[in-house]
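S.K.: Got a structure for you, questions after.
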Amino acid sequence: MLQFLLRRALLAVLVCLTVLVVAFVLTRLSGDLAISIAGPQATAEDIATIRQNYGLDRPLVVQFFDWAAHAAQGDLGRSYLYHAPVAGLIADRLPITLTLGLSGLAIALLVAIPLGILAAMYEATFVDRAIGIVALIGQAMPSFWIGLVLIIVLGLKLQWLPISGVDTWEGYIMPAVVLAFSAIPALMRLTRAGMIDALASDYIRTARAKGLRPGRIVLKHALRNAAMPVVSVAAVQLGFMLGGSIVIEAVFALHGVGYLAWESISKNDFPVVQAVVLFLAVVYIGLTLLADMMNAVLDPRLRTA
């Protein structure tokens, strides 16, 4: 088990280093940062001064290692737009994004797993086909479009829920539902496929022959094995939700990390863009590592793989 965890942790560190390089290079490929900071009306002298003040006149390799060394210590730089430490800006916005992502994942799991189990139990019937159509519709509709429809129907016409802000818990309902809607099809299909394989296995036939209750067979025995791919994908989906919240937070005017990234991209606040990319990547890698650990607990064979 320890060797398994060490291998996964080493791989996670290598991926983090790769993300550091990619985040730095992409911001530099977008153009001269000094010109972006100075603005279109700046003179050549202004640009030269900014380039010197921000250390942009140094070689790129020196700039990268300086940024990476500070990032490793938790110093993600200073925002050009807000004139504040980037780490503090992310920390202030993080609760909104985390609450939104976790709420969306919880809704997705509560809907997808029962539907996947139901589709597997009634395989190749009208119930299975109807659930498949629901999954197809959910996969086809863009998240921002669903968000706009919910705002018009539930927010403006019926006035059941607030259309922006999170002053109360009701403000999380619509954006969380939108995030969940995009994750439900994948989780539902995985649950269905895993349950079909599990229900057709020998140990399930043995459990039925022993006279165990159908509910216990499905929930305790079959679902345990079917849950392993669902756990992995759920962790990945949470990472997607945290990264995809950029669009949802913009639609619902939620001032989380995603909205901070959108503002920073639109106003060329590159230290914040770099930091948000790095932060979301680290969260995504951490979630994947956590999913590997959970799968190793569920299936001991993975520990020696």
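S.K.: What are the residues in the stretch 114-130 that are open to solvent by less than 80 Å² (accessible area, probe 1.4 Å) and part of a helix (DSSP H, G or I), if any?
M.R.: Pro114, Leu115, Gly116, Ile117, Leu118, Ala119, Ala120, Val127, Asp128, Ala130
S.K.: Another question, if that's okay. If only one of Ala198, Ala222, Ala227 is over 23 Å from Gly243 (Cβ atoms), touching a His at 6+ places or on another chain (Cβ under 9 Å) and either assigned to a helix (DSSP H, G or I) or open to solvent by less than 70 Å² (accessible area, probe 1.4 Å) (or both), which one is it?
M.R.: Ala198
S.K.: Something else about it: Tell me which of these Gly165 doesn't satisfy, since it passes every other one: (1) in contact (Cβ under 8 Å) with a residue 60 or more places away in the chain; (2) crowded, with 19+ Cβ neighbours inside 10 Å; (3) not basic (Lys, Arg).
M.R.: Against the list (1) in contact (Cβ under 8 Å) with a residue 60 or more places away in the chain; (2) crowded, with 19+ Cβ neighbours inside 10 Å; (3) not basic (Lys, Arg), Gly165 comes up short only on (2).
S.K.: Taking helices (runs of 4 or more DSSP H) that fall entirely within the stretch 16-104, which contain at least 2 residues that are open to solvent by 70 Å² or more (accessible area, probe 1.4 Å)?
M.R.: 44-53, 60-72
S.K.: Another question about this same structure. Being surrounded by fewer than 19 Cβ atoms within 10 Å (Cβ to Cβ), out of contact with any helix residue (DSSP H, G or I) (no Cβ under 8 Å at 6 or more places or on another chain) and among the aromatic types (Phe, Trp, Tyr): is that true of Trp160 here?
M.R.: no
S.K.: Kindly provide the set of residues from the stretch 187-231 that are polar (S, T, N, Q) and within 25 Å of the chain's Cα centre (by Cα), ordered by number.
M.R.: Once the filter is applied, which keeps residues that are polar (S, T, N, Q) and within 25 Å of the chain's Cα centre (by Cα), the stretch 187-231 yields Thr191, Asn225.
S.K.: State the number of residues belonging to the stretch 244-265 that are crowded, with 20+ Cβ neighbours inside 10 Å and outside any helix (DSSP H, G or I).
M.R.: 2
S.K.: Could you please tell me which pairs satisfy a Cβ distance under 7 Å, a separation of 6+ or placement on different chains, a first residue in the stretch 55-67 that is among the aliphatic types (A, V, I, L, M), and a second residue that is surrounded by 13 or more Cβ atoms within 10 Å (Cβ to Cβ) and assigned to a helix (DSSP H, G or I)?
M.R.: Pairs that qualify, where the first residue is among the aliphatic types (A, V, I, L, M) and the partner is surrounded by 13 or more Cβ atoms within 10 Å (Cβ to Cβ) and assigned to a helix (DSSP H, G or I), are Leu56/Leu33; Leu56/Ala34; Leu60/Arg28.
S.K.: Next question, about the same structure. Can you spot a residue in the stretch 232-251 that is among the hydrophobic types (A, V, I, L, M, F, W, C) and touching a His at 6+ places or on another chain (Cβ under 7 Å)?
M.R.: no
S.K.: Filter the stretch 131-142 down to the residues that are open to solvent by 40 Å² or more (accessible area, probe 1.4 Å) and either within 23 Å of the chain's Cα centre (by Cα) or modelled with pLDDT of 90 or more (or both) and list them by number.
M.R.: Hits for the stretch 131-142 are Val134, Leu136, Ile137, Gln139, Ala140, Met141, Pro142.
S.K.: Within the stretch 294-305, track down each residue that is over 30 Å from Leu76 (Cβ atoms) and either of a type in the set (A, V, I, L, M, F, W, C) or at pLDDT 75 or above (or both).
M.R.: Residues satisfying the conditions are Ala296, Val297, Leu298, Leu302, Ala305.
S.K.: From the list Ala291, Ala281, Ala275, pick out the single residue that is open to solvent by less than 30 Å² (accessible area, probe 1.4 Å), small (Gly, Ala, Ser) and at pLDDT 85 or above.
M.R.: So the residue among Ala291, Ala281, Ala275 that is open to solvent by less than 30 Å² (accessible area, probe 1.4 Å), small (Gly, Ala, Ser) and at pLDDT 85 or above is Ala275.
S.K.: Related question: Is it true that Val178 is crowded, with 20+ Cβ neighbours inside 10 Å, at pLDDT 85 or above and among the hydrophobic types (A, V, I, L, M, F, W, C)?
M.R.: So Val178 fits the description; yes.
The values are calculated or read from the model by the stated rules, or taken from the named source; none is laboratory data. Keep in mind that this is a model prediction, so the values were computed, not measured. Note that we place each Cβ from the backbone using ideal geometry, even for glycine, and neighbour counts take in every protein chain shown. Surface areas here come from the heavy atoms of the whole protein model, side chains and all, with no ligands, DNA or RNA. Shrake-Rupley method; radii C 1.70, N 1.55, O 1.52, S 1.80 Å.
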